[in-house]
Every structure is written in structure tokens, then in C-alpha cells.
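Enquirer: Mind having a look at this structure? Questions to follow.
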Amino acid sequence: MAISAAKLMPGEVYVTREDEMIMTVLGSCVSACVRNPKTNIGGMNHFMLPQMGPNAVIPSIEGSAARYGNWAMEVLINEILKYGGTKADLEVKLFGGGKVLDSMTMDIGRRNIEFVFSFLEQEGIRVQAHDVGDRYPRKLLYFPHTGKVRVRKLQSTNQATVVRREAAYLQDIKKKPVEGDIDLF
């Protein structure tokens, strides 16, 4: 029997109760794979920047919100907890944050990593596993029903494509406004 797959792009969040796979490719972006084994609900986000400024309008899951870590994490956790359970029930695995854009003066990957660990610590949520940092992009396959993750570090042939896409996405998000609403907890 074939398993269905959902492909996650930067700025997206996906939550499911089905036995399916969620996949994405990460450069300096970070993905959190979050699962509640008691309810069999799990999901993944894919964010590119750590957080919005303090004066920003609160975004929504339908808008461009999930490109920022603070909103991507809130949306992912809220969606999973809607089906029951507590933060203490959650299994969290983190991936990405590679320094793949050498031309950037700031290390976005490092900032994303620092943000997500700090966020989860403040929320009292334990990180079960992680593969973050380094200089390689990663292809990530997550099976929320079981909590299993497969990670493959991409070498230079594939890295150029990831770097081009990330640079283009960075330029694109600078042009788009962030809009919408979200429930904070």
C-alpha cells in the first residue's frame, strides 16, 4: 500500500491525523516536527525567519504568517492541541538551520535555531531530537503517525538549487505584507 505525501514549502504549516508522510527541503530554514502520540495528530512547519517585529500585525495561517518562526510554532502547536492533550504530551524534533548562504552577513540559520530552542524552552516543551546547523541543506521526510523522521544531507549538486530558492524566497517575503489573525496561548 502506497503512503500519501504532503510537500511543505517555506512559510507553510501542515497538520494531519492520517498515516501519511510530510516532506520538505531545508537550507537555513527550520522545521519543527511535532506530534501528540496520545491523539495520533502530528504536523510540521517550515519557517525562514525567527520572528516578526513587536509592532507587526498578528498574522494568520491562511496568510504569510508561517514564514516567521514565532507564528509558525504557535500555529503548529495550536492546531495539534485542538484535538486534545497538553504541551507535555508533545514530541518535538527540529531540523535545518544550515549556513547555506555564505554571502549573507547574518547567519539566518543560527538565528532560527536559537529562536526555536528558546521558544520551546519558554513554552515548557522538551525537544526529543534535533539535527540543526552545519552548512548543508537537508531533505526531510516526516511520518507523524509514528514520529519517525528520515533526514538526508544534500551535497553540492543539490545545494545550489536550495540556495537559489532560499535567496529568491527571502526577496519575495520582503515584498509581501503579513496579514491575518491567530490565537496565542
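The values are calculated or read from the model by the stated rules, or taken from the named source; none is laboratory data. A quick note: this is a predicted structure, and the numbers were derived from the prediction, not measured. Glycine gets a Cβ as well: all are built from the backbone with ideal geometry, and neighbour counts include every protein chain shown.
Enquirer: I need the full set of residues from the stretch 75-106 which are surrounded by 16 or more Cβ atoms within 10 Å (Cβ to Cβ), out of contact with any helix residue (DSSP H, G or I) (no Cβ under 9 Å at 6 or more places or on another chain) and of a type in the set (D, E, K, R), in order please.
Expert: Within the stretch 75-106, Glu79, Glu91, Lys93 qualify.
Enquirer: Of all residues in the stretch 115-144 being surrounded by 14 or more Cβ atoms within 10 Å (Cβ to Cβ) and acidic (Asp, Glu), which is nearest to Gly11 (Cα to Cα)?
Expert: Asp131
Enquirer: Still on this structure, I have one more. Can you tell me which residue within the stretch 78-114, out of those that are in a helix (DSSP H, G or I) and either among the hydroxyl-bearing types (Ser, Thr, Tyr) or out of contact with any Leu (no Cβ under 9 Å at 6 or more places or on another chain) (or both), is nearest to Lys153 (Cα to Cα)?
Expert: Taking the candidates together, the pick is Arg110.
Enquirer: Next question, about the same structure. Would you please name the residue that is surrounded by the fewest Cβ atoms within 10 Å (Cβ to Cβ), looking only at residues in the stretch 1-23 that are hydroxyl-bearing (Ser, Thr, Tyr) and farther than 16 Å from Gly69 by Cα?
Expert: Ser4
Enquirer: Pairs please, first residue from the stretch 1-19 and within 19 Å of Leu49 (Cβ to Cβ), second anywhere and part of a strand (DSSP E or B) and among the charged types (D, E, K, R), Cβ atoms under 6 Å, 6+ apart in sequence or on different chains.
Expert: Listed by first residue and then by second, the contacts come to nothing, as the list is empty.
Enquirer: Would you be able to say whether some residue in the stretch 151-174 is in a helix (DSSP H, G or I), more than 17 Å from the chain's Cα centre (by Cα), modelled with pLDDT of 95 or more and among the basic types (Lys, Arg)?
Expert: no
Enquirer: Right, something else. Could you say whether any residue in the stretch 53-67 is under 23 Å from Ser28 (Cα atoms) and at pLDDT 95 or above?
Expert: No; the residues of the stretch 53-67 include none that is under 23 Å from Ser28 (Cα atoms) and at pLDDT 95 or above.
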